[in-house]
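Have a look at the structure below before the remarks.
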Amino acid sequence: MTVATPAVGRTALHRPDTVEEVLDLLAEHGEDAKLIAGGTAFTILWRAGLISAGHLVGLSGVPGLDRIEADDDVVSLGALARLRSTEISATVRERLPVVAAALGHVGNLRVRNAATWGGNVAEADNTSDLPCLLAALDAEVRLRSRSGARSVPVDEFFVDYFETALAPDELVVDVRVPVPSEHCTGSYVKFLSRNAEDRTCLGVAAFLQRDDDGNCSAARVAAIGAGPVPLRVREAEQGLQGPVVSPDAMRDVAARYVAAADPLSDIRGSAEYRLRVLPELVVEALTRAWAGHDRAVLL
Ligand SMILES: Cc1cc2nc3c(=O)[nH]c(=O)nc-3n(C[C@H](O)[C@H](O)[C@H](O)COP(=O)(O)OP(=O)(O)OC[C@H]3O[C@@H](n4cnc5c(N)ncnc54)[C@H](O)[C@@H]3O)c2cc1C
């Protein structure tokens, strides 16, 4: 049962017990309601006065949203699944080894113990690592509201800096990640320009699939820090298909990512600096993916 505890100032705090109750609150209060999952991003924005709401809706008591499940083709990461639980999940380590390894480089243990998938994708920080991996893996975000359910491809979910396709009355229910085929290997390269605890300056995820003859039959590459949303240049990916993934082919792909990138200048590096580092990371991620790395590396 939903209880509105004594108001914090003029803000009511709700603790729903079911998804249905969450959806009712969102339907009733719309933009005046804000969800709180792990609170790692929310707390910073709230304290800085960058968001306000008449109703705060704590999700931690809602059962079932923290499940990590898999079938033959898809791993489903519940909106309330913690990043740390995902990192150490045997299912994720086996089916999505690059994601599990990359999670080990997200923030610090304290952050990962609290942070959730739903919060990460809803925050839509352009330097978050997970959207980059989700983009390269062709994942989908499943949403629910009182008016129904929908599944949004990651390409369409992230719209702009800190902006998503989420409507004010929608809840992220889970993120569905297609399991790469057994002939596909990948790599995530995370570049930090300041210190080990800093947010990512640039990140590149690459997945390459081999056919029975050892040729590259499919390539997927995504970059973050290179623009408002994870960057994928599909025409460039097609250039990697064929008998040989050569250093020249990788350089060509890297140049096309640079041409499509539109980074910001910030404390982690100027736009010009990012455009100079990006091609090196694309080549590094592709080289590691083609070598069967299936891990994440911090540079
Ligand atoms: C010190 C620090 C370091 C970090 N380093 C990294 C890093 O290296 N890489 C990286 O990828 N990320 C990093 N992060 C970001 C971190 O992963 C996110 O803050 C976290 O995943 C957000 O999840 P949360 O559960 O805490 O969300 P909250 O803070 O609770 O919520 C964040 C936003 O999502 C909304 N929301 C939450 N759940 C839902 C839902 N189910 N449906 C709809 N909306 C929802 C909230 O209303 C809020 O707007 C870092 C964060 C911190 C504080």
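The values are calculated or read from the model by the stated rules, or taken from the named source; none is laboratory data. Being a predicted model, the structure only gives us computed values, none of them experimental. Don't worry about glycine lacking a Cβ; one is built from the backbone with ideal geometry, like all the others, and counts go over all protein chains shown.
If only residues of the range 84-102 that are without any contact (Cβ under 8 Å) to a residue 40 or more places away in the chain and in contact with a Lys or Arg (Cβ under 6 Å, 6 or more places away or on another chain) are counted, the one that is surrounded by the most Cβ atoms within 10 Å (Cβ to Cβ) is Ala100. Within the range 59-71, does at least one residue satisfy the condition of being within 18 Å of Leu171 (Cα to Cα), more than 10 Å from the ligand (Cβ to nearest atom) and in a strand (DSSP E or B)? Yes, the range 59-71 contains at least one residue that is within 18 Å of Leu171 (Cα to Cα), more than 10 Å from the ligand (Cβ to nearest atom) and in a strand (DSSP E or B). Within the range 133-171, the set of residues being within 15 Å of Leu77 (Cβ to Cβ), under 13 Å from the mean Cα position of the chain (by Cα) and assigned to a strand (DSSP E or B) comprises Glu140, Val141.
Within the range 196-245, take every residue that is among the charged types (D, E, K, R), within 16 Å of the ligand (Cβ to nearest atom) and modelled with pLDDT under 90 and give me the one that is surrounded by the fewest Cβ atoms within 10 Å (Cβ to Cβ).
Top of the filtered list is Glu197.
Filtering the range 121-152 to residues that are within 18 Å of Ala226 (Cα to Cα) and either surrounded by fewer than 17 Cβ atoms within 10 Å (Cβ to Cβ) or within 10 Å of the ligand (Cβ to nearest atom) (or both) leaves Val121, Glu123, Ala124, Asp125, Thr127, Ser128, Asp129, Leu130, Pro131, Cys132, Leu133. Being among the charged types (D, E, K, R) and closer than 24 Å to Glu31 by Cβ is true for just one of Glu156, Glu182, Glu197. Which residue is that? So the residue among Glu156, Glu182, Glu197 that is among the charged types (D, E, K, R) and closer than 24 Å to Glu31 by Cβ is Glu156. When Leu50, Leu45 are checked against the criterion of being without any contact (Cβ under 8 Å) to a residue 12 or more places away in the chain, surrounded by fewer than 16 Cβ atoms within 10 Å (Cβ to Cβ) and assigned to a loop (DSSP other than H, G, I, E, B), a single residue qualifies: Leu50.
Could you tell me whether the range 169-179 includes any residue that is without any contact (Cβ under 8 Å) to a residue 40 or more places away in the chain, more than 11 Å from the ligand (Cβ to nearest atom) and either in contact with a helix residue (DSSP H, G or I) (Cβ under 7 Å, 6 or more places away or on another chain) or assigned by TED's automatic domain parsing to the domain that holds Glu28 (or both)?
No, the range 169-179 contains no residue that is without any contact (Cβ under 8 Å) to a residue 40 or more places away in the chain, more than 11 Å from the ligand (Cβ to nearest atom) and either in contact with a helix residue (DSSP H, G or I) (Cβ under 7 Å, 6 or more places away or on another chain) or assigned by TED's automatic domain parsing to the domain that holds Glu28 (or both).
Of all residues in the range 103-120, those that are surrounded by fewer than 24 Cβ atoms within 10 Å (Cβ to Cβ), assigned to a helix (DSSP H, G or I) and out of contact with any Gly (no Cβ under 6 Å at 6 or more places or on another chain) total 5.
Under the condition of being closer than 24 Å to Tyr161 by Cβ and within 9 Å of the ligand (Cβ to nearest atom), the residues counted in the range 75-107 number 7. Taking residues in the range 105-121 that are assigned by TED's automatic domain parsing to the domain that holds Val173, and partners anywhere that are of a type in the set (Phe, Trp, Tyr) and more than 8 Å from the ligand (Cβ to nearest atom), the pairs with Cβ atoms closer than 7 Å and at least 6 places apart or on different chains are Val121/Phe157.
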